[in-house]
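For reference, the structure discussed in these notes is given below.
The values are calculated or read from the model by the stated rules, or taken from the named source; none is laboratory data. Since we're looking at a predicted model, the values are computed, not measured. All Cβ positions, glycine included, derive from the backbone under ideal geometry; neighbour counts span all protein chains shown.
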Amino acid sequence: MNDKLKVLLVDDHTVVRAGFRMLLSSQDFIEQIMDVDRGELACQHYNEFQPDVVVMDLSMPGIGGLESIRRLIQLDANAVVLVYSIHDEIIYVDRALQAGAKGYVSKNSAAEILAEAVSVVASGKQYIEAGLLPEQYNTIHNDEDKLREVIDVLSPREFDVFCLLAKGMTVREAAADLCLGYKTVANYSTQIKNKLSASTAADLARIAITLGIIKSH
């Protein structure tokens with residue numbers, strides 16, 4: 001019986017994908033690897049390839065990582081998605097797990113951590129890299145808890161736009177970063193501000209700082 005794994009790797013950077021593929025190919029418990037550059041293709045090829053684990057980046061053009069996770073879970077309630085992202089803030093881990101991810105690893109971690117995480121989530125367990133969720137994770141202060149509830153009303157794409165605007169990007173810069181139209185992001189911006197009762201970019205930044213998405217200085 002062949003119990004080696006099939007892995008679907010989703011990342012929009014060609015060099016990064018090549019590096020991940022090389023790393024994962026060197027693991028004796030992995031047999032096949034397919035890589036694609038965006039979430040839409042992951043959803044398109046999922047049923048055909050039937051991966052045991054999907055290794056998903058979050059910051060990608062198109063529908064983005066969070067929405068991709070949600071759609072993969074809709075395709076297959078048992079889909080195993082491991083997020084491998086540059087973002088190591090709690091709120092990103094939170095959103096990924098809510099979307100249906102089974103694990104989360106930071107790209108700042110040692111390479112062997114990714115291989116270990118793939119093995120663990122494939123076995124049916126959850127894997128969150130040590131240090132990403134602090135001990136006080138389940139005892140959030142009331143004010144932050146309320147804000148987190150508000151953030152939950154944002155769609156995955158609205159959340160992506162919110163993070164960029166809160167970090168100081170203009171609508172045009174955010175549109176370019178996400179490969180979306182200017183009007184589309186402008187509409188997202190309006191919806192986000194309405195949902196969060198925010199009037200300015202400074203208001204968005206304040207909310208993001210409270211949630212730990214960006215660091216205050």
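Which condition does ALA42 not pass, out of (1) in contact with a Ser or Thr (Cβ under 7 Å, 6 or more places away or on another chain); (2) in contact (Cβ under 8 Å) with a residue 60 or more places away in the chain, if it passes all the others?
Just one mismatch for ALA42, condition (2).
Sort out which residues of the stretch 183-192 are without any contact (Cβ under 8 Å) to a residue 24 or more places away in the chain and either in contact with a strand residue (DSSP E or B) (Cβ under 8 Å, 6 or more places away or on another chain) or not hydroxyl-bearing (Ser, Thr, Tyr) (or both), and write them in order of number. Working first, answer last.
Looking only at the stretch 183-192, we keep the residues that are without any contact (Cβ under 8 Å) to a residue 24 or more places away in the chain, and these are 183-184, 186-187, 190.
Hits for the stretch 183-192 are LYS183, ALA186, ASN187.
Within the stretch 24-39, is there a residue that is in the same structural domain as VAL93 (by TED's automatic domain parsing), closer than 21 Å to GLN98 by Cα and not β-branched (Val, Ile, Thr)?
If we filter the stretch 24-39 for residues that are in the same structural domain as VAL93 (by TED's automatic domain parsing), which is where we start, we get 24-39.
Still in the running and closer than 21 Å to GLN98 by Cα: 38-39.
Keeping just the survivors that are not β-branched (Val, Ile, Thr) gives 38-39.
The answer is yes; a qualifying residue exists.
For the stretch 59-85, name all the residues that are within 12 Å of the chain's Cα centre (by Cα) and basic (Lys, Arg).
Scanning the stretch 59-85 gives a single hit, ARG70.
Looking at the stretch 139-217, what helices (runs of 4 or more DSSP H) fall wholly within it and have at least 1 residues that are modelled with pLDDT of 90 or more and exposed (fewer than 15 other Cβ atoms within 10 Å of the Cβ)?
On the way: elements: 142-151, 156-166, 171-178, 182-196, 201-210.
Hits in the stretch 139-217: 171-178, 182-196.
Which residue pairs have Cβ atoms closer than 6 Å, lie 6 or more positions apart in sequence or on different chains, and pair a first residue in the stretch 72-95 that is farther than 17 Å from ILE207 by Cβ with a second residue that is among the small types (Gly, Ala, Ser) and in a strand (DSSP E or B)?
LEU82/GLY103; ASP88/SER106
Is there any pair with a first residue in the stretch 193-206 that is without any contact (Cβ under 8 Å) to a residue 12 or more places away in the chain and a second that is β-branched (Val, Ile, Thr) and assigned to a helix (DSSP H, G or I) whose Cβ atoms are under 7 Å apart and which are 6 or more apart or on different chains, and what are they?
Correct list of pairs: ALA198/ILE207.
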